[in-house]
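Asker: Following this message is one structure expressed as C-alpha cells.
The values are calculated or read from the model by the stated rules, or taken from the named source; none is laboratory data. Quick caveat, the model's predicted, so the values are computed rather than measured. All Cβ positions, glycine included, derive from the backbone under ideal geometry; neighbour counts span all protein chains shown.
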Amino acid sequence: MKSGAILGAMGALALAAAPAAAQSLAKPPIPKSNQAQWVDIMGASQEMQDRLVGQRLVIAFTLAVGPHGRPTECTHEGEGALGAEFGALTCTQVMRRARFTPATDDVGNPVDGRWSGRAVWCYGDSCF
C-alpha cells in the first residue's frame with residue numbers, strides 16, 4: 001500500500017506574495033488559512049498518483065484575489081503533460097480552499113490583488 005504523502009506542499013508548500021503590477025497596493029493579499037491545507041494528493045486520480053511515484057513536481061501558480069478575499073482566477077506553470085495535469089489540479093484545489101485578507105490600496109480600501117506560490121507534489125518515497 002502506498003503512503004498518501006500529502007504534497008511536499010503540505011510540508012513545503014512554498015508560497016510567496018506578489019503584489020499586483022497595475023496598481024499601487026499598500027498591502028498585498030495575506031493568506032488567512034494554512035497554505036499546506038490548500039492542496040492534497042488524495043484529490044488526484046489513482047492514475048495521476050501512480051505516475052507521480054518517485055518524482056517531485058513543482059507547480060508555480062498565481063492567483064488573482066478579489067476585494068472579498070477569494071481567488072477569482074488561477075494560472076499555473078509546470079513541465080510536460082504531468083505538469084499540466086497537476087497544475088490544473090493545483091488551481092482547482094487552491095481556488096476552492098484559499099482565503100485571504102484582501103489587498104488594500106493606499107487609503108485602506110480592499111482592492112484586487114495577486115498572490116503567487118508553488119506547490120511541490122510528491123507521492124510515496126519521493127516525499128521523504
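Asker: How do the pairs read when you match residues in region 73-95 that are surrounded by fewer than 20 Cβ atoms within 10 Å (Cβ to Cβ) with residues anywhere that are in a strand (DSSP E or B) and not hydrophobic (A, V, I, L, M, F, W, C), using Cβ under 7 Å and keeping only pairs 6 or more apart or on different chains?
Answerer: So the pair list comes out as Thr75/Thr62; Met95/Pro71.
Asker: Can you say whether Gly69 is in contact with a strand residue (DSSP E or B) (Cβ under 7 Å, 6 or more places away or on another chain) and crowded, with 17+ Cβ neighbours inside 10 Å, as far as the supplied structure shows?
Answerer: Answer is yes for this residue.
Asker: Another question, if that's okay. Output the number of residues of region 97-112 satisfying the condition of being surrounded by fewer than 19 Cβ atoms within 10 Å (Cβ to Cβ) and closer than 19 Å to Ala60 by Cβ.
Answerer: 1
Asker: With the checklist (1) free of Cβ contacts under 8 Å to residues at least 40 places away in the same chain; (2) farther than 23 Å from Glu47 by Cα; (3) touching a Ser or Thr at 6+ places or on another chain (Cβ under 7 Å) in hand, flag the one item Arg70 doesn't pass.
Answerer: Checking Arg70 against (1) free of Cβ contacts under 8 Å to residues at least 40 places away in the same chain; (2) farther than 23 Å from Glu47 by Cα; (3) touching a Ser or Thr at 6+ places or on another chain (Cβ under 7 Å), the one that fails is (3).
Asker: Could you please find all residues in region 37-49 being in contact (Cβ under 8 Å) with a residue 60 or more places away in the chain and within 14 Å of Cys127 (Cα to Cα)?
Answerer: Ile41, Gln49
Asker: Assess whether Gln55 counts as being closer than 23 Å to Leu25 by Cβ, surrounded by 12 or more Cβ atoms within 10 Å (Cβ to Cβ) and touching a residue at least 12 places away in the same chain (Cβ under 8 Å). Please lay out each step first, then the result.
Answerer: Values: closer than 23 Å to Leu25 by Cβ: no; surrounded by 12 or more Cβ atoms within 10 Å (Cβ to Cβ): yes; touching a residue at least 12 places away in the same chain (Cβ under 8 Å): yes.
Taking the combined requirement at face value, the residue does not satisfy it.
Asker: Next question, about the same structure. I'd like the residue in region 30-51 that is closer than 14 Å to Leu89 by Cα and of a type in the set (D, E, K, R) and, out of all such residues, is surrounded by the fewest Cβ atoms within 10 Å (Cβ to Cβ).
Answerer: Only one residue fits best here, namely Glu47.
Asker: Let me ask another. For region 1-106, list the helices (runs of 4 or more DSSP H) that sit wholly inside it and hold at least 3 residues that are at pLDDT below 95, basic (Lys, Arg) and closer than 16 Å to Gly117 by Cα; which are they?
Answerer: none
Asker: Taking Thr92 as the residue in question, decide whether it is more than 26 Å from Val53 (Cα to Cα) and among the hydroxyl-bearing types (Ser, Thr, Tyr).
Answerer: no
Asker: Could you say whether any residue in region 98-105 is in contact with a strand residue (DSSP E or B) (Cβ under 9 Å, 6 or more places away or on another chain) and without any contact (Cβ under 8 Å) to a residue 60 or more places away in the chain?
Answerer: Scanning region 98-105 turns up no residue that is in contact with a strand residue (DSSP E or B) (Cβ under 9 Å, 6 or more places away or on another chain) and without any contact (Cβ under 8 Å) to a residue 60 or more places away in the chain.
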